[in-house]
1. Projecting each Cα onto the charge dipole of the range 11-83 (Lys/Arg +1, Asp/Glu -1 at the beta carbon, about the Cα centre), which of THR34, PRO57, LEU83 comes out farthest on the positive side?
2. Please get the size of the charge dipole for the chain, origin at its Cα centre, with Cβ charges of +1 on Lys and Arg and -1 on Asp and Glu, quoted in debye to the nearest 20.
3. Among ILE15, ILE66, what is the fewest-to-most ranking by other Cβ atoms within 10 Å?
4. Convert each backbone phi in the range 66-81 into a coupling constant with the Karplus relation 6.51 cos²θ - 1.76 cosθ + 1.60 (shift: θ = phi - 60°), then list the ³J(HN,Hα) values in order as whole Hz, x for Gly and Pro.
5. Add -39500 (n - 2.57) for each DSSP H run of 4 or more in the chain, then divide by its residues: what number comes out at 222 nm, to the nearest 500 deg cm²/dmol?
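Values in this text are rule-based calculations from the coordinates and carry no lab data. Bear in mind the structure is a predicted one, so any value in this text is a computation, not a measurement. Positions of Cβ are backbone-derived with ideal geometry, glycine not excepted, and every protein chain shown enters the neighbour counts.
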Amino acid sequence: MYRTIKPKLSTKEQIEHLEKKGVKFVLISREEATDYLTKHNNYFKLTAYRKNFQKHPAGKFKGQYIGLDFQMLKDLAIIDMRLR
């Protein structure tokens, strides 16, 4: 099997992609999140953590995460780094 190569996303596009998935930017601003992603370059690690959160099962927001904020993903990445 062949894997498709996904195009690289700019930090702005990464933020937009997370928003489409239902990730909010209330506890941390989009600008702060962009700055964090630029400095730490761990987008794929952050997106892996979101899999632990529930999604809307149906309706207008079907498939989007419920109550997930970028700050929560950032906190999980920091905790993971300190525990390793």
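1. Result: PRO57, furthest along the dipole toward the positive end.
2. In total the dipole reaches around 420 debye.
3. With the sparsest Cβ surroundings first, the list reads ILE66, ILE15.
4. 9, x, 9, 10, 4, 4, 5, 5, 5, 4, 4, 5, 5, 4, 4, 4
5. -15000 deg cm²/dmol, from helical runs alone.
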